[in-house]
Amino acid sequence: MSANFPIESVRAAFPALTRPPEFVFFDNAAGAQVPQIVLDAVNHHLLECNVQRGGRYAKSREVDETIVRARQSVADLVNARDPSEIAFGMNATSFIRLVSLAIGQALGKRKDIVVTDMDHEANVATWLALERNGARILWWKVRDDGNLHVDDLIPLVSPTTRLVACTVASNAVGSIVDVAAAARVAHAAGAEIFLDCVHYGPHGLIDVQAFDCDYLVCSGYKIFAPHMGFLWGRRELLQQLPTFREDFIPDEPPGKIEAGTFTYESVAGMDAAVRYLESLGKSESGIPQTAQGSGSRRAILNRALQRIRTYEESLSLEMLRVLKDCGADVYGLTDASRIHERVPTLCFNLPDIPPARVTEKLANNNIGVRDGHMYSPRLMKRFGLAPETGAARASLVHYNTVEEVRLFGSVLAEMTNR
Ligand SMILES: Cc1ncc(COP(=O)(O)O)c(C=O)c1O
């Protein structure tokens, strides 16, 4: 399944992965490593044009050009209809807040907001705060299999629904939601859908047109770029959205959403991260082979993300195998026949061993994983876990390997004496 994936050249593209000491990085859901091409772009910005945009001098013009280029790159990455639908900023949480504050100002007769118990709390608490504005919250609940089912959304949505807020993939258990079907349900009732694409971003093709969503947020730092976030919104909705801006800033996206200065070096890095993915779509056997590949940039990105998905499925299968061998309780989808419904993000507990001890032992073996509630305390409770202790989570991306999974498995086996 993974035979054609150029794992060696992928790893070689990420300097942090090959620097001593040897380290297995399985905490990618909290932020991924960056390839050299991203380091170069950030370095170039800080060295050659670390100035404010909007001036008439050459360095400032270069900053303007970088932002235009990055906006086009991110528009290609998410399949936006127009680059002005992309806004850059600090992180996903601040964009969720920006949109929720705006929506809260104009609820009108549509007061119902649907949230889920599978989401990262950033896409829950932000909407719950609208209860102060008169919103009524309805819960789309995760089933025992660890995923949200659109059949359960249907009875929650009505002519009084303003918005459905849900994730594309769970940052805790890795389930992928059928967001296109959820969008159909929301739109049939005249409601909107806000997608948290932070966790899905590094794993699969984002397609705002196929998802048919209204808003979507991502964190660049999960998609091989530095710390930053971006928002995509349907242009006509962004045009209507009330935002804070100084009077001299036109009421037009993306400027009306980007009041203040953002981190231009991170935006330069985000542009480079898209180019990195593009190189993966072009290469037959390695990275980078810029002359290879054909078709539009979108088609090339599509190929890159398809390759990533296929390779990551083999990592998920191997993770499930080693966790099963250790007798672990894995929360979420474990059925190999449904492997395409998950990304390689696995929450688990070993029998009678607190998750903090598991991650400590792995840390002592130079394997970075995380324990706790994963910012999804409601999901932990749903699985009968105390949010304070939660579970251990291993989150892999396409630069991780089957050998790393086996090493991880051998440390767990030592703990469980299997
Ligand atoms: C699914 C999901 N949503 C939202 C967030 C918050 O993102 P940010 O740190 O960019 O605000 C995270 C961060 O881990 C996440 O995993």
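Taken together, the values in this text are just the output of simple stated rules run on the coordinates, not laboratory data. Note that the structure is predicted; figures quoted are calculated from it, not measured. Cβ coordinates were reconstructed from backbone atoms using ideal geometry, including for glycine residues, and neighbour counts include every protein chain displayed.
Going by the alpha-carbon gyration tensor, a ≥ b ≥ c the square roots of its eigenvalues, is segment 311-355 rounded (a/c under 1.5) or, if a/c is not under 1.5, prolate (a/b greater than b/c) versus oblate? The shape class here is prolate. With the convex hull drawn over the C-alpha atoms of segment 1-133, the volume per residue is 220 Å³. Over the residues of the chain, the helix contribution to mean residue ellipticity at 222 nm works out to -12000 deg cm²/dmol, using -39500 (n - 2.57) for each DSSP H run of at least 4.
Springs between alpha-carbon pairs under 10 angstrom, Gaussian network model over the chain: which of Asp119, Asp352, Asp40 fluctuates most? Looking only at Asp119, Asp352, Asp40, the largest GNM fluctuation is found for Asp352. A simple spin-label model places the labels of Ala413 and Leu46 4.3 nm from each other, with each point 7 Å out along Cα-to-Cβ.
Across segment 180-278, the mean sequence separation of Cα contacts (distance under 8 Å, 6 or more residues apart), normalised by length, yields a relative contact order of 20 percent. Going from the fewest other Cβ atoms within 10 Å to the most, the residues Val198, Val157 appear in the order Val157, Val198.
Extent of segment 191-303 along its three principal axes (Cα atoms, max minus min coordinate, largest first): 51, 34, 24 Å. For Thr167, the residues 5 or more places off, or on other chains, whose built amide H falls under 5 Å of its own are Asp196. With a Förster radius of 60 Å, plug the Cβ-Cβ distance of Lys109 and Asp64 into 1/(1 + (r/R0)^6) and report the FRET value to the nearest 0.05. For Lys109 and Asp64, the calculated efficiency is 0.90. Once the Cβ-Cβ distance between Asn133 and Asp335 is put in as r, and R0 is 30 Å, what FRET efficiency do you end up with, to the nearest 0.05? Calculated value: 0.15. Treating only the Cα positions of segment 12-61 as identical point scatterers, give the base-10 log of I(q)/I(0) from the Debye formula at each q in 0.19, 0.22 Å⁻¹. Taken in order of the listed q values, log10 I(q)/I(0) reads -0.73, -0.83.
Quick note on the chain: its Rg to Rh ratio, both from C-alpha atoms and Rh being the Kirkwood radius, is 0.97. Note on the chain: dipole from Cβ charges, positive end direction compared against Asn400, Asn147, Pro6; the farthest Cα belongs to Asn147. Expressed as a whole percent, how much of the Cα-Cα distance distribution for segment 341-418 exceeds 14 Å? Percentage above 14 Å: 62.
Close amide-amide hydrogen proximity is noted between Leu138 and Ile113, Val114, Val115, each under 5 Å apart and 5 or more residues distant or on a separate chain (H modeled in the peptide plane; Pro and chain starts excluded). Normalised by 2.2 N^0.38 Å, where N is the number of residues, the alpha-carbon radius of gyration of segment 61-190 equals 1.18.
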